[in-house]
Each structure stands twice: as structure tokens, then as C-alpha cells.
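Coordinate-derived values only; no laboratory data. Only a predicted model underlies this, so the values are computations on that prediction, with no experimental measurement involved. Here Cβ is always computed from backbone atoms with ideal geometry, including for glycine, and neighbour counts include all displayed protein chains.
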Amino acid sequence: MQFSEERTEKFYVLNAGGRLDASTSSSFEEKLTSIIDSGEKNILINFKNLDYISSMGLRVLLQAAKKIKSNQGTISICDMKDNILEVFDIAGFTQVFQIYKSYNEAVS
Amino acid sequence: MEFILKNKISQLNKLADMLKIFCAENDLPDNILFDLNLSLDELVTNIISYGFDDNKEHDINISVEKIENGVEIKLEDDGAEFNPLNENDPKIGAALEEMEVGGLGIYFVKNKMDEIHYQRQLGKNIIKLKKKL
């Protein structure tokens, strides 16, 4: 996977690209956990360059969402490809995360 | 197409590569590639994570065939007996606090595939899947 981070007025943004499966989920988990542990409360994950996600990726997101909720924070997600959004939908995750169609919609 | 994966999680890359070739050769669109990859990924990840308690190398034999109205898949492994059809579906639509991380993978397979058959034969798990086109 490829990662980069940036700060906007509203969010601390994690750009995560590539394939998120059992072979890469631990690096995604490390990134996300370190951002939460640093005290960020409004995290936006930009999946514009994410090509694939399996249940292992959702597992990391769910654990992170539970963790940040106990700190009164939230995780939002933007720019998901249709196939990935469908996986979120099947899992019921579209009701748990704030989902934005595009990065611009999220940060505006 | 037939290929063998070893019981190492890094083999998920090989799985993705092989399915990409299969779909290109058979003119199958990206959404079918995604569904085939997700279903096989979840089953293979389960086999690698829970199937073996020795530290030896094992083979997971996979065949993927294009048939007239769909794709047929067969997975064979010599790991511990595991029937994915016996797994309970996760609670979907529950509040965040009640959502659980287990069970989602098999739930995806059930959702994406039209047929799933399991048999235990001569010490092997054999899973047959069919995706209609």
C-alpha cells in the first residue's frame, strides 16, 4: 500500500492507495493507530487510489472506529471506487462511517 | 486455469495476479474480477490463518474455469476440517459498539457467489463455487 498524510481545516487526512487485504492490513492498522494515538479526532481516509479491500481491511477500520469513538472522535471516508463502496454496503459499514463521494465534498 | 498457492499470506498477490490473467483471457469485466478476487481471497485467508497448526509448507490447489454462463471455481486444501457454510452470518446494521469483526469474509463469499458447495474427502477440504454471468 501507499500512504501519505496531510492536514486540512476540518480533517487530518490519510491517503491510502493500493490493495488492502490480509497481507497489507497490518501496515494500514499501524498508520491509522498512530494517527489516533497522536490525538487526532477528525480523521478523513481518502481511498481515491485504493483498488481493492477485503474483510481484513474492514476489520482494521471497525477497530479504529471503536477506538476513536471512545475519544469522542470520528473517521470519515471519501472517494471510494464503486466495487469498494459495494463491499462497505454489504457489510453495513455505510451506516457506521461518514462517507463522502469526493475529497472536495468532504473538505468543503 | 489451475494454480497452486502456498500457505503464506503473501501469496494473496499471486492469487490477484492469476485472476487478473484469467479475466483478461476470458474478456471478463473488472467487477467480476473484483468479486472473484474477494471471494477467493476470503477463503484462502481463512485456510492460511486457521487451517494449519504445523509449521510446514502446504499447497492450496485452485482451479478457475469459464463455463457457458459463468465461472466455476474449486479450492482444495489439506488443512483442518472447515465448512464455511456452517459459519453464522454477522449482525449487519447493528450499532458500532455491537458490530463484530468476525464472519464478514464468509458473508462476502455468500453474497458474491451464486453457489457454494463444501465436502470433506480423504483428509481434504474441497470448496466448489459458481458465479453466474
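Observations, loosely collected:
- Fewest-first ranking of A:K31, A:K48, using other Cβ atoms within 10 Å as the exposure measure: A:K48, A:K31
- Percent of C-alpha pairs per 5 Å bin in region B:2-132, short distances first: 2, 10, 20, 23, 20, 13, 8, 4, 1, 0.
- The charge dipole of chain A, taken about the Cα centre with unit charges on the Cβ atoms of Lys, Arg (+1) and Asp, Glu (-1), comes to about 260 debye, rounded to the nearest 20.
- Relative contact order computed over chain B (Cα-Cα under 8 Å; 6+ residues apart), in percent: 26
- Take each residue in A:82-93, count the other chain C-beta atoms within 10 Å of its C-beta, and the mean is 4.
- Within the straight-line cut-off of under 17 Å between alpha carbons, the aspartates and glutamates reachable from B:K8 are A:D21, B:D17, B:D41, B:E42, B:D53, B:D54, B:E57, B:D59, B:E76, B:D77, B:D78, sequence neighbours fewer than 8 places apart in one chain being disregarded.
- Compactness of region A:2-103, taken as the C-alpha radius of gyration over 2.2 N^0.38 Å, stands at 0.96.
- Order of B:H117, B:H58 - criterion: other Cβ atoms within 10 Å of each residue's Cβ, fewest first: B:H117, B:H58
- The DSSP beta bridges internal to the protein assembly as shown are antiparallel in roughly 70% of cases.
- Using the Cβ-Cβ distance between B:M1 and A:S4 with R0 set to 35 Å, the FRET efficiency works out to roughly 0.45.
- For the protein assembly as shown, the Kirkwood radius over C-alpha pairs fed into Stokes-Einstein at 10 °C and 1.306 mPa s yields D = 84 µm² per second.
- Considering only alpha-carbon pairs that sit under 8 angstrom and 6 or more positions apart, the relative contact order computed for chain A is 26 percent.
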